[in-house]
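The values are calculated or read from the model by the stated rules, or taken from the named source; none is laboratory data. Computed from a predicted structure; not experimentally measured. FYI the Cβ positions are ideal-geometry reconstructions off the backbone, even for glycines, and counts take in every protein chain you see. Ligands, DNA and RNA are excluded from the accessible area calculation, which covers all protein heavy atoms including side chains. Shrake-Rupley method; radii C 1.70, N 1.55, O 1.52, S 1.80 Å.
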Amino acid sequence: MDPISAVIITTSIGIFFIGIIVFFSDHKRSSNIIFSLICLFFSFWAITDFLTDIPKFSKHILLLSKLTFVGPIVIPALFFYFSLIFPVDTIEKKPNSLIYKFFIFLFPVFFLFILPSSLIVKKAFLLQKQEIALGWKVGFETGSLYFLLIFYAIIFIISSLIVFWKNFLKSRGKIRSQLKCIFIGVTLTVIFSLFFGFFLPVFFKIYALAKLSIISFIFLLFATALSITRYYLFNIKVILSETLVGIIALLLFFQLFIIDKSWVRVINVGIFLLFCIFGYLLIRSVLREIKLKEELEAANKELKRLDEAKTEFLSIASHQLRTPLTAIKGYIGMIEEGIYGGVPEKVKEILEKVNDSNERLIRLVNSLLDISRLELGRMEFEFEKVDIEEMLENIVDEFHIAARKKGLKLVFEHPKEKLPEITIDALKMRQVFLNLVDNAIKYTYEGEIIVKAELKDHGNERIRVSVSDTGMGIARNEIDQIFKIYRRGTGVRLFPEGSGVGLYVAKKIVEAHNGKIWVKSQGKGRGSTFYVEIPVRKSAR
Ligand code: ADP
């Protein structure tokens, strides 16, 4: 077999497969059916053309030459129809669609009807030796309606191009890419096939390159296959792997008939069968991968949606919660101050407990609000110059009573030299330190809590604040986990009031100041030290 014929046969087999795949991918859609028919007729065209050149069939060259015209007769009409219904099957919706179809298919029916006569092909003959090149061995004498057929083909293909172009201009997004793809494919095919299959043989009597007109259809078919499968890369992967497996299987199969030694044939049958099995497995795995990817994508989308909904809910709920909590705080304050009359000591004690719980709730709600702000990207910072030493002193003062109640010593170790002023969001950084001291008191049964501030590294000045306690400590494997959202250490089951959000928010706030937060602990029951480090100069982002 000469190389050109081999290419044509392989292409036609491949295209036949593409047609079948497209048909079975959704056989209810008209565009899929029409495209599959185009593929089928193209394969028929290539096969009959191939048979014409085989010397064994030279007795039937007239019949075979006529059969090679079936493809070129039917394809332009099918393609024009395809241009009308792709990518949206609109023609069905038109009231006069039957008339449409009738007019479109009137032409191919007419040409097919006259094909057996000599109106299109008068005579077919074997070419002289010097004319034979690239496998083209048969020439033919054109009949009187041959040019009408060419005219019909050109008009229909150009009309399809115009329809595609118009749809292309109107379309957007994915459909636009699909139409662009087809438009390029059609244009390349038309230029190539007209040049090799019509101009050269008809005007210059060069038959030698005419076969290239068939090969040029590859452009169109691949472009269309690309767009028909919704311009979707994964499907193309399937199409390609299926086509490749199909072609190789067929070649292996044909090879069985060429071999004459029986033992080689047996080996080849084995290879063929093995290939079929592996090919099947390959296609199945590609299909499975695609299905998995699609499912994952869908699940991912759903998760994102749920996550956004959750954050939005969190934000709304926290706002609603904050107002009554602030009101409670106000009323407790007023009762304690005796605005509504004298309060007995016993009630005062209880009020204090109510106030403590309320404060905790307020902090939790504030943290939840911060989380929703962080996740929605709505956290805003107001930077100002702050004396951090003063800030820490105030915080330690605030917690004195709470520490004393638990029998803990709480001290603030002043730095040796005065710390420089630092540009930070005072409220948010205060919240970070409050959380660290609150945790230290919460998770320590006895001993002391030391808050320290110092200036580090004189080249690149940073202020380092540390809060160390003699409390329950943190297990080595939990050290990285506790800064994640809703994560709590395993030892805190005795403290149901925690929520696992404080350190997460603190980390985000510190990072927004270009700083670092970390913890060191010798292990369970051996205390822990939390560090926060913020650059003095570039603390604001
Ligand atoms: P919460 O304290 O509400 O649980 P945080 O985010 O503030 O949430 O802390 C997360 C976890 O880190 C805590 O549940 C606890 O396991 C651990 N942790 C925080 N501070 C300390 C500390 N000072 N000592 C021991 N464990 C701590």
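Structure above, values below:
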item	result
Lys329 charged (D, E, K, R), within 21 Å of Phe399 (Cα to Cα) and touching a helix residue (DSSP H, G or I) at 6+ places or on another chain (Cβ under 6 Å)	yes
Where a residue in the range 424-453 is over 15 Å from Asp469 (Cα atoms) and its partner, wherever it lies, is part of a helix (DSSP H, G or I) and within 13 Å of the ligand (Cβ to nearest atom), with Cβ under 6 Å and at least six apart	Lys428/Ile509; Val432/Ala506; Val432/Ile509
The range 430-452: number of residues that are open to solvent by 40 Å² or more (accessible area, probe 1.4 Å) and within 44 Å of the chain's Cα centre (by Cα)	2
Meets criteria (under 31 Å from the mean Cα position of the chain (by Cα), of a type in the set (Val, Ile, Thr) and under 18 Å from Phe35 (Cα atoms)) for Val190	no
Enumeration of residues in the range 423-439 that are away from the ligand (no atom under 11 Å from the Cβ) and either among the small types (Gly, Ala, Ser) or closer than 15 Å to Ala453 by Cβ (or both)	Ile424, Ala426, Met429, Arg430, Phe433
Pair list, Cβ < 6 Å and 6+ apart or interchain, from the range 298-313 residues that are under 20 Å from Leu368 (Cβ atoms) to residues that are open to solvent by less than 80 Å² (accessible area, probe 1.4 Å)	Thr311/Ser372; Thr311/Glu375; Thr311/Leu376
Residues of the range 461-477 satisfying the condition of being of a type in the set (Asp, Glu) and near the ligand (Cβ under 7 Å from one of its atoms)	Asp469
Residues located in the range 486-535, provided they are open to solvent by 60 Å² or more (accessible area, probe 1.4 Å) and of a type in the set (Asp, Glu)	Glu497, Glu511
Which numbered condition Pro420 misses (of (1) in a loop (DSSP other than H, G, I, E, B); (2) near the ligand (Cβ under 10 Å from one of its atoms); (3) touching a residue at least 60 places away in the same chain (Cβ under 8 Å))	(2)
Cross-chain or 6+ apart pairs with Cβ under 6 Å, the range 495-518 first and under 14 Å from Met379 (Cα atoms), then near the ligand (Cβ under 7 Å from one of its atoms)	Ala506/Asn435
